[in-house]
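The values are calculated or read from the model by the stated rules, or taken from the named source; none is laboratory data. Only a predicted model underlies this, so the values are computations on that prediction, with no experimental measurement involved. Heads up, the Cβs are rebuilt from the backbone with ideal geometry, glycines too, and the neighbour counts pull from every protein chain shown.
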Amino acid sequence: MPTLPQLDIKTKLNHSPHVVILGAGASRACCPNGDRAGLKLPVMSDFIDIVGIADIIRKSGHEPSGNFEAIYDGIHRNGSPAELDELDKATKKYFGRLKLPHQPTLYDYLVLSLRPKDLIITFNWDPLLPQAYQRWRHLGAVLPQLAFLHGNVDIGVDLEKKVSGFLSDEPYPDRTLQPTRLLYPIEQKNYNTDPFIADQWLMATNFLNHAYYVTVYGYSAPISDVEARSLLLKAWQENTTRELAQINIVDIRDPAEVEPLWSDFIVHNHGGASTDFTYNILRRHPRRSCESFAFTTLQQQPWHEDPFPVAQSLAELEEWVMPLIKEEATGQLSGKPHH
């Protein structure tokens, strides 16, 4: 029997989490014209050209065409540690240069659309999500949690003290951070061999075990990425609220092509794909996604939409979102637009 989400009818608060899973397509959508300086955000199909590592791959005896992860897997099997180290350094150098534009981006909306009960899971190495988080943390403990399943160029870890942090915040008075590992062979990533990555996966799967809404953006969950896909699927299938929950996949491809790839994640008709984030529940009901979905489907009491504005500045976006945050602090939601 399915279990109900953690919905409090009196306060109108749904304590079940909304989980967002990000792939490289999300970072490209965040900066479709490049980062602050025009640097492009790569996806796996053009990663080699954009990051500029074709010569390194040729030196290793491989042809630099196709999916980078698959090529890296071959180098990991047959190449030398020096070749792997050179690829790792080149990747970190490119991603370390990326800067979020000054104006509001997809990641700003995304970070502000969720609450501390929610989680953003990212497979991305670029620092754009950390930068978005950092520029809103002055609002206090109102932002979602983050999980970096493949490491990140701006995330460091102190294994002795079992703490992590943003490398761009260094120096820390209480910890010495080492960069997280980025590159893994795709056929067998062995996440459990890295304590930080193992901990991040534990957080991600725990949240998926209890999620009431899942949004996947720009992540294909490739069949070739066996370990990642199986871990995500197992956690989702163990979610006892899954038959009442919802999963939405945002992908630039035709939904008719995308949905079969996610068929083992979708229960009955509780999910589907779309090509545009504009009409996603996180844009239409920011910070209230799980509440609005629960009241619509379980209580037959649809909430009015209260969509994000198309803000021209960060200050404008902050002014708009503050009434929602102040309402949350009262422990009681209205279920109506705040203006």
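Among the residues of segment 109-118, is any touching a strand residue (DSSP E or B) at 6+ places or on another chain (Cβ under 9 Å), assigned by TED's automatic domain parsing to the domain that holds VAL20, crowded, with 21+ Cβ neighbours inside 10 Å and outside any loop (DSSP other than H, G, I, E, B)?
Yes: segment 109-118 contains one or more residues that are touching a strand residue (DSSP E or B) at 6+ places or on another chain (Cβ under 9 Å), assigned by TED's automatic domain parsing to the domain that holds VAL20, crowded, with 21+ Cβ neighbours inside 10 Å and outside any loop (DSSP other than H, G, I, E, B).
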(request) Determine, yes or no, whether TYR133 is among the hydroxyl-bearing types (Ser, Thr, Tyr), in a helix (DSSP H, G or I) and without any contact (Cβ under 8 Å) to a residue 60 or more places away in the chain. (result) yes
(message) The conditions are (1) surrounded by 21 or more Cβ atoms within 10 Å (Cβ to Cβ); (2) at pLDDT 95 or above; (3) aliphatic (A, V, I, L, M), and ALA235 fails exactly one of them. Which is it?
(response) (1)
(request) Please find, among LEU208, LEU167, the residue that is surrounded by 16 or more Cβ atoms within 10 Å (Cβ to Cβ), at pLDDT 95 or above, in the same structural domain as LEU149 (by TED's automatic domain parsing) and farther than 26 Å from VAL226 by Cβ. (result) LEU167
(message) Can you tell me how many residues within segment 58-89 are part of a helix (DSSP H, G or I) and either of a type in the set (S, T, N, Q) or without any contact (Cβ under 8 Å) to a residue 24 or more places away in the chain (or both)?
(response) 9
(message) Can you tell me which condition GLU69 does not meet? The list is (1) out of contact with any Gly (no Cβ under 6 Å at 6 or more places or on another chain); (2) under 28 Å from GLN200 (Cβ atoms); (3) at pLDDT 95 or above, and all the others hold.
(response) (3)
(message) Taking the condition of being hydroxyl-bearing (Ser, Thr, Tyr) and without any contact (Cβ under 8 Å) to a residue 60 or more places away in the chain, how many residues in segment 230-247 meet it?
(response) 1
(request) Would you be able to tell me the number of residues in segment 1-49 that are more than 19 Å from GLN131 (Cα to Cα), in contact (Cβ under 8 Å) with a residue 40 or more places away in the chain and not in a loop (DSSP other than H, G, I, E, B)? (result) 5
(request) Identify all residues within segment 301-324 that are in a helix (DSSP H, G or I) and crowded, with 17+ Cβ neighbours inside 10 Å; write none if there are none. (result) LEU317, GLU318, TRP320, VAL321, LEU324
(request) Determine whether segment 156-165 contains at least one residue that is among the acidic types (Asp, Glu), free of Cβ contacts under 8 Å to residues at least 24 places away in the same chain and touching a Ser or Thr at 6+ places or on another chain (Cβ under 7 Å). (result) yes
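Please work out which residue is farthest from the chain's Cα centre (by Cα), limiting yourself to segment 95-108 and to residues that are within 22 Å of TYR217 (Cβ to Cβ) and assigned to a helix (DSSP H, G or I).
Restricting to residues being within 22 Å of TYR217 (Cβ to Cβ) and assigned to a helix (DSSP H, G or I), the top hit is PHE95.
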(request) Taking the residues in segment 3-51 that are polar (S, T, N, Q) and in contact with a Ser or Thr (Cβ under 7 Å, 6 or more places away or on another chain) as candidates, determine which candidate is modelled with the lowest pLDDT. (result) THR3
(request) Please find, among LEU202, LEU182, LEU261, the residue that is of a type in the set (A, V, I, L, M, F, W, C) and under 26 Å from GLN6 (Cα atoms). (result) LEU202
(request) Would you check if there is a residue in segment 240-248 being in a strand (DSSP E or B), of a type in the set (A, V, I, L, M, F, W, C), out of contact with any helix residue (DSSP H, G or I) (no Cβ under 7 Å at 6 or more places or on another chain) and surrounded by 16 or more Cβ atoms within 10 Å (Cβ to Cβ)? (result) yes
(request) Evaluate the following for GLN200: is it closer than 30 Å to SER292 by Cα, buried (at least 21 other Cβ atoms within 10 Å of the Cβ) and free of Cβ contacts under 8 Å to residues at least 60 places away in the same chain? (result) yes
(message) ARG77 - would you say it is outside the structural domain of ILE252 (by TED's automatic domain parsing), at pLDDT below 85 and of a type in the set (Lys, Arg)?
(response) yes
(request) Look through segment 285-300, keep the residues that are buried (at least 17 other Cβ atoms within 10 Å of the Cβ) and out of contact with any helix residue (DSSP H, G or I) (no Cβ under 8 Å at 6 or more places or on another chain), and return whichever of them is nearest to ALA211 (Cα to Cα). (result) CYS290
